[in-house]
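Trainee: Please read through the structure below; I'll follow up with questions.
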Amino acid sequence: MRKTRAFEKVNVDDVAAKRAGMGMPIRTHGLDVGQPGRYYNSHAEKQAELINPDGLHTVSRETCDDCVDFFGRLATHDNQVKRDADPNGLNVFHPGGKREVLPYEDD
Ligand SMILES: [Zn+2]
């Protein structure tokens, strides 16, 4: 029987490689802790994407502009719709660069 793990760790280098493969430049931040680009490459939705490229990624923080750029490029690069759900709604990234933010409905 396969053991499940509570967390799967994605190396930020894997995110950096994905980013580089799309021609997306490294973006530095004051919290990079010695590795340029580490902060933005460690964001949860990017890690979730590398674990499950076909999945809907649900995150508890608003999608930052670097992740918006990343998923916009990725949708075009992979020719696949990418989705992530953040507190503002469902972000839908289409190949070609179109992005929709679908707000949640109130009950
Ligand atoms: Zn982000």
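The values are calculated or read from the model by the stated rules, or taken from the named source; none is laboratory data. Quick caveat, the model's predicted, so the values are computed rather than measured. Here Cβ is always computed from backbone atoms with ideal geometry, including for glycine, and neighbour counts include all displayed protein chains.
Trainee: Which of the residues that make up region 54-86 are within 13 Å of the ligand (Cβ to nearest atom), of a type in the set (Gly, Ala, Ser) and surrounded by 13 or more Cβ atoms within 10 Å (Cβ to Cβ)?
Mentor: The answer is 72, and nothing else.
Trainee: Continuing with the same structure: Take the residues in region 21-53 that are of a type in the set (A, V, I, L, M, F, W, C), under 24 Å from residue 100 (Cα atoms) and at pLDDT 95 or above; name whichever of them is farthest from the ligand (Cβ to nearest atom).
Mentor: In this case the residue turns out to be 22.
Trainee: Consider region 1-20. How many of its residues are of a type in the set (Gly, Ala, Ser) and either surrounded by fewer than 10 Cβ atoms within 10 Å (Cβ to Cβ) or modelled with pLDDT under 85 (or both)?
Mentor: So the answer is 1.
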